[in-house]
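Enquirer: Okay, handing you the structure first.
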Amino acid sequence: MNLARLKGPGVFAAVAVLALVVAPLLLEPFRLGLLAKYLCFAIIALGIGLAWGQGGMLALGQGVFFGLGGYAMAMHLKLVDAQGDLPDFMVWSGVEQLPALWKPFANPVFALAMVIVGPMLIATVLGLLVFRQRVRGAYFAILTQALAAAFVILLVGQQGLTGGTNGLTNFFDLFGRDLADDSTQRGLYFVVAVTCGLLYLGARQLVNSRFGRLLIAVRDGEDRVRFLGYDPARVKTVTFAISAGMAGLAGALFVPVVGIISPALLGVVPSLELVVAVAVGGRFALAGAILGAVVMGYAKTSFSEQFADGWLYLQGALFILVMTLAPKGIVGLAASARDALARRRAAPGGDPGHPPAATPGMRVMEEVS
């Protein structure tokens, strides 16, 4: 029992050592920057894993909240670089006066607050409107997908306000530090890695709490939870808002790491790619969501570098292969192998006539009731 309890923290500590000690020592600045980008996507994937894997809400529009956080940070950085003048893209677009929407983002406190508050507020309003009408399943997925498509159209159409198709880029200063300096990028990597780790611990604590058990119960039997006197709409709205806040924070970290935020990074396709990454890693495990985002990001980079003409086919083949051999993802495959090994070891002393164990959903329902 003691070894089993130490196993999870031991794995987390080992991954932390790899991310915070080994990777910065072995990777060159460019590759370390790529890993930081993968971890930004992993933060979004963690939110998707919380909403979809634990709560059953298939959100296909997390790019919206990623974009809100990213544009909030980018607007602040552009205003800092402009030093009181208009940002460069506004000059090119013929804008003569700074729009009122941009003015509050000159304040770093306001900008950092809007990175999280903005996405969470919009997700809360959307959740209250949708979940109280008992919209779920494929209908919720299509709704969030349509929201992502509409958001991209809005951004592209506002050239003087958002930079249009090109988005916002050419950032030089981050809170007094030169963004082009390797030491600044290395520091950003540590910030992203630590943030990802802390969010994972927080999400894990949430899932293991009473609220987390209630969330899983809503996933497995929403009507039954409602009959027990709980409000599934409230539970799902809170979870959806938390996942949106994670996506917004990931967007804010992504901007200084990569140096750009544009509609091409926020639309339907990027949102679907993140969902695919969560499925590859294993949507029922929070660690699987992070692993899937890193694996798919690395695969995308490797395939595009080595097979420039057909890397998309290879990426699709990887997804099909994993889903065929391991429907529960990489983490699910590892868990199945571990359980099979445990059964083989216990076979000589096991009791073949014992009744089947209760499913996780049955246990959660019993705890909630």
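The values are calculated or read from the model by the stated rules, or taken from the named source; none is laboratory data. Computed from a predicted model, the values in this text were never measured in an experiment. Cβ: placed from backbone, ideal geometry, glycine included. Neighbour counts: every protein chain shown. We work out accessible area using only protein heavy atoms, side chains counted, and drop any ligands, DNA or RNA first. Shrake-Rupley method; radii C 1.70, N 1.55, O 1.52, S 1.80 Å.
Enquirer: Just checking, which of 279, 244, 293 is surrounded by 20 or more Cβ atoms within 10 Å (Cβ to Cβ), under 21 Å from residue 189 (Cα atoms) and touching a Gly at 6+ places or on another chain (Cβ under 8 Å)?
Expert: Numbers: 279 fails: under 21 Å from residue 189 (Cα atoms); 244 fails: under 21 Å from residue 189 (Cα atoms).
After applying the criteria, what remains is 293.
Enquirer: Mind checking which pairs have a first residue in segment 3-14 that is under 18 Å from residue 202 (Cα atoms) and modelled with pLDDT of 85 or more and a second that is loosely packed, with under 11 Cβ neighbours inside 10 Å and of a type in the set (Val, Ile, Thr), Cβ under 8 Å, 6 or more apart or different chains?
Expert: The qualifying pairs do not exist here.
Enquirer: Might you let me know whether segment 296-312 holds any residue that is farther than 20 Å from residue 41 by Cα, modelled with pLDDT of 80 or more and assigned to a helix (DSSP H, G or I)? Explain how you work it out, then say what you get.
Expert: So the first thing to find is which residues in segment 296-312 are farther than 20 Å from residue 41 by Cα, and the list is 306-310.
With the extra rule that they be modelled with pLDDT of 80 or more, the set shrinks to 306-307.
If we keep only those that are assigned to a helix (DSSP H, G or I) too, we end up with 306.
Yes; the residues of segment 296-312 include at least one that is farther than 20 Å from residue 41 by Cα, modelled with pLDDT of 80 or more and assigned to a helix (DSSP H, G or I).
Enquirer: Which condition number does residue 273 fail, the rest of (1) within 18 Å of residue 200 (Cβ to Cβ); (2) modelled with pLDDT under 95 being met?
Expert: It is condition (1) that residue 273 fails.
Enquirer: Separate question: So which residues in segment 151-160 are open to solvent by less than 50 Å² (accessible area, probe 1.4 Å) and either free of Cβ contacts under 8 Å to residues at least 60 places away in the same chain or more than 17 Å from residue 270 (Cβ to Cβ) (or both)?
Expert: Taking segment 151-160 as the starting set, the residues that turn out to be open to solvent by less than 50 Å² (accessible area, probe 1.4 Å) are 151-152, 155, 160.
Within segment 151-160, just 160 meets the criteria.
Enquirer: Anything in segment 298-325 that is open to solvent by less than 70 Å² (accessible area, probe 1.4 Å) and in contact (Cβ under 8 Å) with a residue 40 or more places away in the chain? List them, or say none.
Expert: Listed by number, the residues that qualify are 301, 319, 322, 323.
Enquirer: Hey, among the residues in segment 328-354 that are open to solvent by 100 Å² or more (accessible area, probe 1.4 Å) and modelled with pLDDT of 50 or more, which one's nearest to residue 53 (Cα to Cα)?
Expert: 328
Enquirer: Same structure, new question: Give just the number: which of (1) over 24 Å from the mean Cα position of the chain (by Cα); (2) more than 18 Å from residue 66 (Cα to Cα); (3) buried (at least 17 other Cβ atoms within 10 Å of the Cβ); (4) not β-branched (Val, Ile, Thr) does residue 173 not satisfy?
Expert: (3)
Enquirer: Do any residues in segment 186-211 that are under 17 Å from residue 259 (Cα atoms) have Cβ atoms under 8 Å from those of residues that are not in a helix (DSSP H, G or I), where the two are at least six apart or on different chains, and which pairs are they?
Expert: 187/177; 188/174
Enquirer: Go through segment 209-231 and report how many residues are open to solvent by 50 Å² or more (accessible area, probe 1.4 Å) and either within 14 Å of residue 53 (Cβ to Cβ) or touching a His at 6+ places or on another chain (Cβ under 8 Å) (or both).
Expert: 2
Enquirer: Only one of 42, 113 is touching a Cys at 6+ places or on another chain (Cβ under 8 Å) and either hydrophobic (A, V, I, L, M, F, W, C) or in contact (Cβ under 8 Å) with a residue 24 or more places away in the chain (or both). Can you tell me which? Outline the logic, then answer.
Expert: On the way: 113 fails: touching a Cys at 6+ places or on another chain (Cβ under 8 Å).
Exactly one of 42, 113 is touching a Cys at 6+ places or on another chain (Cβ under 8 Å) and either hydrophobic (A, V, I, L, M, F, W, C) or in contact (Cβ under 8 Å) with a residue 24 or more places away in the chain (or both), namely 42.
Enquirer: So which residues in segment 81-127 are among the β-branched types (Val, Ile, Thr) and at pLDDT 90 or above, if there are any at all?
Expert: Step one: list which residues in segment 81-127 are among the β-branched types (Val, Ile, Thr), which gives 91, 95, 109, 115-117, 122, 124-125.
Answer for segment 81-127, where residues must be among the β-branched types (Val, Ile, Thr) and at pLDDT 90 or above: 109, 115, 116, 117, 122, 124, 125.
Enquirer: Go through segment 112-150 and give me each residue that's of a type in the set (A, V, I, L, M, F, W, C), closer than 17 Å to residue 75 by Cα and surrounded by 20 or more Cβ atoms within 10 Å (Cβ to Cβ). Let's see the steps before the verdict.
Expert: Within segment 112-150, the first condition is being of a type in the set (A, V, I, L, M, F, W, C), and the residues that meet it are 112-117, 120-123, 125-126, 128-131, 135, 138, 140-143, 146-150.
With closer than 17 Å to residue 75 by Cα added as a condition, the list becomes 112-117.
114, 115, 116 - these are the residues of segment 112-150 that are of a type in the set (A, V, I, L, M, F, W, C), closer than 17 Å to residue 75 by Cα and surrounded by 20 or more Cβ atoms within 10 Å (Cβ to Cβ).
Enquirer: Among the residues of segment 78-100, which ones are open to solvent by 30 Å² or more (accessible area, probe 1.4 Å) and part of a helix (DSSP H, G or I)?
Expert: If the condition is that a residue be open to solvent by 30 Å² or more (accessible area, probe 1.4 Å) and part of a helix (DSSP H, G or I), then 80, 81, 88, 91, 92 are the ones that fit.
Enquirer: Go through the residues of segment 222-233 one by one and say whether even a single one is in contact (Cβ under 8 Å) with a residue 24 or more places away in the chain, part of a helix (DSSP H, G or I), more than 17 Å from residue 151 (Cβ to Cβ) and among the β-branched types (Val, Ile, Thr). Before the answer, list the steps.
Expert: Restricting attention to segment 222-233, the residues satisfying the condition of being in contact (Cβ under 8 Å) with a residue 24 or more places away in the chain are 222, 224-225, 228, 230, 232-233.
When the remaining residues are screened for being part of a helix (DSSP H, G or I), the result is 222, 224-225, 232-233.
Next cut, more than 17 Å from residue 151 (Cβ to Cβ) only: 222, 224-225, 232-233.
Subsequent filtering for residues that are among the β-branched types (Val, Ile, Thr) retains 225.
The answer is yes, given that some residue of segment 222-233 is in contact (Cβ under 8 Å) with a residue 24 or more places away in the chain, part of a helix (DSSP H, G or I), more than 17 Å from residue 151 (Cβ to Cβ) and among the β-branched types (Val, Ile, Thr).
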